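After the structure tokens below, expect a handful of questions from me.
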Amino acid sequence: MTRLEELLGEPGPELSVPAADAPSSGGSDAPSSGSLDAGSSGGPDVPDTGPVLSFRGCTRTYPGPPRVRALLPFDLDIPAGGLVTVAGPSGSGKSTWLSLAGLLDRPTSGTVALDGQETTTLSEIDRTDLRGRMIGFVFQAFHLMPLRTVTENVELAGLYQGMDRATRRDQAAEALAVVGLTPRAMARAGQLSGGEQQRVAIARGLVGAPRLLLCDEPTGNLDTATGAGIVTILERLAATGITVVVVTHDPDLAARGTIRVEIRDGRVHVR
Ligand SMILES: Nc1ncnc2c1ncn2[C@@H]1O[C@H](COP(=O)(O)OP(=O)(O)OP(=O)(O)O)[C@@H](O)[C@H]1O
Ligand SMILES: [Mg+2]
């Protein structure tokens with residue numbers, strides 16, 4: 001059984017993510033901080049270790065001009081497993097935060113540890129390698145190749161991770177089964193509905209069994225009912241021990257987080 005199968009073998013109809021009593025943090029001028037323990041992740045093979053993501057004294061300033069202090073100093077620990085929602089007004093710093101979490105960007109100051117490993121001082125090659133092994137991404141605008149088949153789109157993620165052809169094929173098939181798209185595996189991606197395309201994108205994000213699935217507005221292009229189906233899939237994944245992080249403008253979705261991060265004017269708070 002592969003790690004992906006182990007993680008996703010028993011999704012169960014019920015959500016089993018324990019509620020986290022997250023301390024709210026930060027006075028208006030104090031650095032924000034959050035130290036969270038969501039308890040046992042419930043995943044079958046996810047060790048009960050420290051936080052999967054740990055930010056210390058992080059800031060991000062875009063030099064400009066004009067200079068933009070997109071994230072003010074914050075500390076934050078994200079435990080393994082569960083649904084983490086990140087909400088806040090447009091321009092508050094959500095995508096900036098997600099880029100730090102996904103090792104797509106480096107903080108201007110401070111450190112970001114992934115599974116206990118400090119990442120800011122790593123070379124770009126090592127960060128890319130770590131990202132490829134540990135993190136999957138899902139974006140609002142699916143970013144699929146419309147003329148390629150669903151399977152080819154998902155397999156591409158395995159290619160980037162250096163998997164051989166057979167492994168790519170197996171992983172794509174598994175991931176498509178997880179999102180309920182096995183019957184559409186040979187369709188061209190561009191022929192699918194928006195909700196189905198986002199499920200393909202989630203499957204692509206799952207290739208390689210990441211510890212973290214980072215989603216920027218995954219329901220932003222979908223109607224309410226279709227978006228709800230996507231959220232159900234993400235919650236199921238979160239219940240298996242993957243840490244699913246969802247940036248959203250939708251207050252209903254934000255409220256479903258076991259951990260709720262809120263960003264306002266560059267200040268990171270945990271609810
Ligand atoms: N590459 C960049 N260079 C300069 N400023 C940037 C850059 N990226 C973002 N910003 C600025 O940083 C701030 C935070 O932007 P960010 O994209 O993180 O917001 P957001 O919360 O994701 O907004 P939205 O909800 O609209 O996606 C904004 O003021 C934005 O203009
Ligand atoms: Mg954004």
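By average Cβ neighbour count within 10 Å, what is the ranking of 259-269, 101-111 from highest down?
Final packing ranking: 259-269, 101-111.
Follow-up. Which residues' amide hydrogens lie under 5 Å from the amide hydrogen of residue 91, considering only partners 5 or more residues apart or on another chain, with H built in the peptide plane?
Hits under the 5 Å cutoff: none.
If amide H atoms are built 1.01 Å from N in the plane of the peptide, which residues on other chains or at least 5 residues away come under 5 Å of the amide H of residue 268?
Excluding prolines and chain starts, which carry no amide H, the hits are 32, 72.
Tell me which residues come under 5 Å, amide H to amide H, from residue 104 once H is placed; ignore anything under 5 positions away on its chain.
Answer set, sorted by chain and number: none.
Between the alpha-carbon centers of the range 207-250 and the range 85-117, tell me the distance in whole angstrom.
Here the two parts' Cα centres lie 17 Å apart.
Something else: Using each residue's phi in the range 71-78, evaluate 6.51 cos²θ - 1.76 cosθ + 1.60 at θ = phi - 60° and report the 3J(HN,Hα) Karplus result to the nearest Hz, with x for Gly and Pro.
Computed from phi, the couplings for the range 71-78 are 10, 8, x, 8, 10, 7, 10, 10 Hz.
Mind ranking 76-84, 247-255, 141-149 by how tightly packed they are, going by the mean number of other C-beta atoms within 10 angstrom, highest first?
Per-residue mean Cβ counts within 10 Å order the peptides as 76-84, 247-255, 141-149.
I've got another one for you. So how do 99, 92 line up by other beta-carbon neighbours within 10 Å, fewest first?
99, 92
From the backbone phi of the range 101-114, what are the Karplus-calculated ³J(HN,Hα) couplings (6.51 cos²θ - 1.76 cosθ + 1.60, θ = phi - 60°) in whole Hz, Gly and Pro given as x?
4, x, 6, 8, 8, 10, x, 5, 9, x, 10, 10, 9, 10
Listed highest first by mean packing, meaning other Cβ atoms within 10 Å per residue, what order do 213-226, 233-246 come in?
233-246, 213-226
Moving on. Enumerate the calculated ³J(HN,Hα) couplings along the range 222-238 in order (Karplus 6.51 cos²θ - 1.76 cosθ + 1.60, θ = phi - 60°), each rounded to whole Hz, writing x wherever the residue is Gly or Pro.
Rounded to whole hertz, the list is 10, 6, 4, 5, 5, x, 5, x, 5, 4, 4, 4, 5, 5, 4, 4, 4.
Each value in this text was obtained by applying a stated rule to the coordinates, not by laboratory testing. Owing to the predicted nature of the structure, the values given are computational and were not obtained by experimental measurement. Cβ coordinates were reconstructed from backbone atoms using ideal geometry, including for glycine residues, and neighbour counts include every protein chain displayed.
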